[in-house]
Structures are given as C-alpha cells and as structure tokens.
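Every read-out reported here was derived from the displayed coordinates using simple, explicitly stated rules and does not represent laboratory data. The model shown is predicted, which means the values in this text are computed figures rather than measured ones. FYI the Cβ positions are ideal-geometry reconstructions off the backbone, even for glycines, and counts take in every protein chain you see.
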Amino acid sequence: MKDVHSYWAYLVLAILIFTVINAIIGLSQKKQFTDKDLRLGLFTLIVSHIQLLIGLAWYFMSPWYKALKADAGSVMGEKATRLLAVEHPITMILAIVLITIGWSKHKKKTTDTAKFKTFAIFYGIALLLILSRIPWNNWL
C-alpha cells in the first residue's frame with residue numbers, strides 16, 4: 001500500500017504542477033478556457049482524491065498511526081515521526097480540500113479569466129502545501 005501511495009504521488013504531483021502552470025499561462029495570456037482546461041482540472045481533482053483514499057488506507061495501517069495511538073507525546077516530540085504521523089496527513093487533506101473548493105468555485109465563474117484565476121489560486125496553494133510536507137527523505 002505504501003508503494004502504491006508513493007508512486008501515485010508522482011502522478012498527482014506531475015498533473016497538479018501541469019494544471020497550475022496551465023492556469024497561470026491561461027490567465028496571463030488571457031486565453032479561452034476550453035474543454036481541455038476543464039478536463040485537466042477535473043483529472044487533477046480525480047487523481048488527488050484517489051491519492052487521498054490510498055493515503056488514508058495506508059495511514060491507518062502505518063507504523064506512524066500505531067505509534068501515535070500508543071504514545072502521542074513521544075511522536076509529537078520527534079520531528080521526523082511527527083511529519084509522517086501528523087503534519088503530512090493533515091496538510092495533504094487540506095490541500096485536497098483546496099483542490100475540491102477550486103474545482104467547485106471555477107464552475108460558478110462566467111469568464112475565462114476568472115476560471116483560470118480560480119484554478120491558479122486554489123490549485124496553486126494546494127501545490128505549495130503538498131510540496132511543503134512531502135517526506136522527501138522517504139520519497140526520493
């Protein structure tokens with residue numbers, strides 16, 4: 001399960017980066033918001049939600065969750081364990097919530113610029129959150 005979560009993360013990260021760059025380019029060049037842009041945002045939403053489900057399944061089987069249940073004080077006192085047991089899961093859930101909000105808000109926008117701007121802001125913040133709490137030592 002951990003391997004699936006790790007490999008799927010590469011896909012999520014690549015698509016999210018591509019979607020954010022596409023939104024910034026569309027916004028800055030005042031492009032028309034096409035079906036391609038819509039599908040890209042939707043695909044990003046879908047793969048990130050699949051990652052969330054895989055991550056939650058892995059989390060509740062992980063040694064970090066067991067350690068947190070057994071001795072939360074010890075986990076919170078150790079930086080590396082705290083990252084995996086608390087910071088990573090909470091930050092990733094927050095990032096996927098932002099992606100979901102961005103997807104929902106873009107549908108209500110009537111102009112192309114507003115749609116690109118919504119994706120750039122919400123998906124962009126989600127990307128920054130994800131990059132900030134990837135356990136790089138375990139992942140690369």
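Here are some notes:
- Using a simple spin-label model with pseudo-atoms 7 Å out from Cα toward Cβ, Leu11 and Thr34 lie 2.5 nm apart.
- Cross-link partners of Lys2 among lysines (Cα-Cα below 27 Å; sequence separation of 8 or more within a chain): Lys66, Lys69, Lys79
- Relative contact order computed over the chain (Cα-Cα under 8 Å; 6+ residues apart), in percent: 34 percent
- Taking 26 Å as the straight-line reach from the Cα of Lys107, the lysines in range (excluding those fewer than 8 positions away in the same chain) are Lys30, Lys31, Lys36, Lys115, Lys117.
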